[in-house]
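Here's the structure, in structure tokens; my notes come after.
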Amino acid sequence: MLDWIATLVTRHRVPVLGMLVVVAGLLGSQITKVQVDPSVENLISSYEGEALGVRIKDLFRADFGDTDRVMVVLITADDVVARVPLQYLHDVTRHVTEADWVETVVSLTETPMPRRVEPIEQSGGFGDLEEELGADDQPAEDDAPGEGDEPGGSAFDALEDELEPDEDDAFDPAIVDALVSLVEADPERFPGGFRTLGLELQRELVATPVVEGDVVTDEDVEELRQALEGSELVRGRLVSPDRTVAVSALFLREIEPREMRRRVEELRQWLSSNPPPEGVGVHLGGLPYLRSAIVENIRADQITLVPLTLLVSMLFLALTLRWLWGVLLPVGAVALTAVMVVGAMGLVGEPMNVLNNIIPTLLIIIGISDSIHLLSRYREELQRGDGDRDRAVRGMVRAMAVACFLTSLTTSVGLASLAISRTVMLRHFGVTAAAGVVVAYLVTITFVPLVVSWVKKLPPRSSGSGAEIDVFLMRVTAWVLHRPWQILAVTSALLALAIYGALQIRVDHALLDQFDESDPVYVTTRLLEEQLDGVRPLEVSLRSEAEGRFFDPTLLAEIDEVARWAKARDEVLAVTSQTNILRESLFLLSRDETARTLPFVSEAQVRALHALMSARDPGRSPLKAWVTPDGRHMRLQIKVRDIGAQATMRFIDALDARFAESLSGDAVDVAYTGEAYDGSVGMDAVVTDLLGSLLTAIGIIFVLLSLLFRSLRLGLLSIPPNLLPLVGTMAYMVVRGIPLNAATGIVFSVALGLGVDGSIHVLARFREETREKGFLAHAALIRAARGTGRAIVVSSVTLAAGFAVLLWSSFIPVQRFGELIAVTVFMTLFATLIVQPALLKVAGMSERAKRRALAQRATP
């Protein structure tokens, strides 16, 4: 097999190179098809019963719409309810209302707002309602509906008698019917019947936008201020309690992420060309904007990180190999690899997201590491022979193809182990990256030997700093081999200390983990949480088989009790349901403050309020978004802070227990959806997923090494040096305060695959020196340090430097990935150069192997 590969790359150069170029060209043509997935909730594990969760979400969206598709434009000022800030808010609202990608807009100036105004002097207004009904038709203060009375009673009959057919436009019978039913359902709140209600209706109850035209007048400002004084539904949602922040909420149509990004950019440009007045600020926020910002950052990362990674890698290659072709060949190989893998992602429809965004960078670093080992061996083969390039290439391939295959295989296994995770994004990242590593190996093992056999200028011999590195590594190895037990004792103490630290690690994930605190997205989202009701909805879906179940005042009181409990929690910013709207409407009609707190008196009262708000246009009823017309499905929305997945799930568990206690025996199904739930559920599964994938990878790698080296002993001795960096990295995370989650968890699968590479090269060279050349452990390890040590150091430093480039990423998880991988690589280098030789000196050769080596050396 090795001879066949060596012959292929030295005797069939043109066909092989042509095939590589053609494949890269065909796959590269698919790169434009790569989509971008900005959904950060996929960073969280799914959960048992995932299909049920999807069904609940689908049913919820069918009845109430997608509550995650809300973007906001924030206006800030010392007093946003002043004419200048309101005018700018109104102009922005008018502009976005005309956009075809916006379904509807809610703002202070454009949204119909229930309020009282002075009576309009025209026939048929609500101010004439008492006169139309007639004083004789009003029940006395102590009158109550008698048994057998029809709904509406004589008051409704009198109204019917008063209305003429040609006066239908003056009064809407549905509204009057609802008002009559409301009065008769709650005689204590309206003791004078329509006499009481009529006195309140002398100030017209209207639900129209405050601003009717294009210009905000002083009268509009004053009317809005009065409306805000009496509206608890608006304060904290459309305007902050201190009136320094107001929002225009954009409910968006369902469009593709690429189209969303384009629309958001258009809005940014419009805001830039129409800046706010002095003293007024404008910001964008909400989940759609956050996801659009993620798309922008992913694209920016690809433009920045890939070239920067190549530049850093080229610099290290130039400094260590000091050979132009030693720089160009690895870069050419990884460029072909990156083009093939990204093109294949476009071909199969695998999108870019906040995790696999790093795959091109990852493949570049891994591919360059393999190239370093190949070129180092090529130079060694040239120095051994007479400078015959083809013979040196064949020797390089025979010596390194298996070792590089093993390193690529173990890296691929470490990544592919993520396929058992329940995390959607982790699974896709693991499979895609693992396939990419295999492609990187195939390209590197053919492209580098193929082209280097053409290059006439030979690499320089080891001298200067290169020779100094070899001498230094040999001295370090000799120092270790003279005191292996002391080294292993210190290592055991460090491992115990690292395990203790690792056990303190915090498992968590937050929405804003993706952004730096100085990022505008972070700043705006925190502003929304501090001044308004935030961006993270937890939707509680309440379902019953009984029609009209959620019109029952007793059940609504039980739900209200849970809502009040939730609102008092520190995790919660706001709680809203149909009862908030019903109570506010009842208050506006009765001007009775107890209407905002006391339970509803009867189902008739609840139905009357529903009928009143649905009378003119049921399709535009504000209750449509909170309860279905048949009363079988109700929504309770809880806006929560971005406090992390663990705290969110603790709150949801407590909420669920509260519902179970309050609704016991009510035959109501309680389920949860919304971004706060989808982005938090299954967080506990991250630990078990990562532990399972790591144990799987360790087991597979151990079996592979044992089989390929034909030694159970060497397989076992490869485990401790690769376990220490993983545990040490977890302890480092505790010190740095970095939580363990799906984004940071991939570090360990990647690090395991990369960390074992150094061990493989040491073990392969150790086996070669002991079995094929007859050296004992001490001499074999010294020769292994001279033969592979420099390549291990150079590849490790290149890996660390390459991953350190990720610190310039736009995403905090990617920055942390780069930081943690760099830390792990340096720990792995220590374990490979210090711990691995000590283990091999103590237990690397059996007595039988030692006798065989001595006999081999004694044989001429």
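The values are calculated or read from the model by the stated rules, or taken from the named source; none is laboratory data. These numbers come from a predicted model, not from an experiment. Every residue, glycine as well, gets a Cβ built from its backbone with ideal geometry; the counts of neighbours run over all protein chains shown. For the accessible areas, the whole protein counts, side chains as well, though only heavy atoms, and no ligand, DNA or RNA atoms are used. Shrake-Rupley method; radii C 1.70, N 1.55, O 1.52, S 1.80 Å.
Summary table below
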quantity	calculated
Heavy-atom SASA rank of 320, 744 (probe 1.4 Å, accessible area, largest first)	320, 744
Burial order of peptide ranges 265-272, 221-228 (average beta-carbon count within 10 Å, highest first)	221-228, 265-272
Label zone at residue 91, where the point sits 7 Å out along the Cα-to-Cβ direction: the stretch 230-271 residues whose backbone N lies under 12 Å	271
Nearest-10 value in Å² for the accessible area of residue 361, using the 1.4 Å probe	0
Efficiency of FRET from Cβ geometry, residue 419 and residue 442, R₀ 25 Å, rounded to 0.05	0.75
Inter-label distance, nm, simple model (7 Å from Cα along the C-beta direction), residue 503/residue 716	2.6
Cα centroid separation, the stretch 716-738 to the stretch 397-459 (Å)	24
Average accessible area per residue (Å²) across the chain - probe 1.4 Å, nucleic acids and ligands excluded	42
Charge dipole (the chain, unit charges on Cβ, about Cα centre) - positive-most of 622, 324, 231	324
Inter-part distance where the stretch 773-847 and the stretch 570-633 are each reduced to a Cα centre, Å	66
Simple spin-label estimate for residue 808 and residue 567 in nanometres, 7 Å along Cα-Cβ	5.1
Cα-based convex hull, the chain, per residue volume (Å³, whole number)	187
Extension gain from residue 706 to residue 219, taking 0.36 nm per residue of separation minus the Cα-Cα distance	166.9 nm
For q = 0.13, 0.15, 0.22 Å⁻¹, Debye-computed log10 I/I(0) when each Cα of the stretch 271-402 counts as one equal scatterer	-0.71, -0.84, -1.25
Total charge dipole magnitude, the stretch 483-585, about the Cα centre, Cβ charges on Lys, Arg, Asp, Glu only, Debye to nearest 20	560
Degrees between helix 742-767 axis and first principal axis of the chain (Cα, 0 to 90, nearest 10)	10
Dipole in debye (nearest 20) - the stretch 376-444, about Cα centre, beta carbon charges: Lys, Arg +1; Asp, Glu -1	180
Principal-axis tilt of helix 359-384 within the chain, Cα atoms, nearest 10 degrees	0
Estimated distance in nm for a label pair at residue 11 and residue 846, the labels positioned 7 Å out from Cα along Cα-to-Cβ	4.0
Rounded accessible area of residue 58 (nearest 10 Å², 1.4 Å probe)	90
Neighbourhood charge, 14 Å Cβ-Cβ cut-off, centred on residue 531 and excluding it, Lys, Arg +1 and Asp, Glu -1	0
Length added when fully stretched, residue 479-residue 303, from 0.36 nm per residue minus Cα-Cα	58.8 nm
Of all accessible heavy-atom area on the chain, the percent that carbon and sulfur account for (1.4 Å)	57
Exposure rank, largest accessible area first [583, 767, 322; 1.4 Å]	322, 767, 583
Pairwise FRET efficiency - residue 458 versus residue 270, Cβ, R0 = 60 Å, nearest 0.05	0.45
Dipole moment magnitude, nearest 20 debye, the chain about Cα centre, only Lys, Arg, Asp, Glu C-beta charged	12780
Descending principal axes extents, the stretch 609-680, alpha-carbon based, whole Å	45, 31, 16
Stretchable slack from residue 229 to residue 557, in nm (0.36 nm times residue separation minus alpha-carbon distance)	115.5 nm
Violating pairs (Cα-Cα greater than 21 angstrom) within the set 567/624; 773/841; 57/567; 456/773; 33/57	567/624; 57/567; 456/773; 33/57
Efficiency of FRET between residue 78 and residue 99 - r from beta-carbon atoms, R0 41 angstrom, step 0.05	0.90
For the stretch 431-537, diffusion coefficient by Stokes-Einstein and Kirkwood Rh (Cα), 20 °C, 1.002 mPa s, µm²/s	100
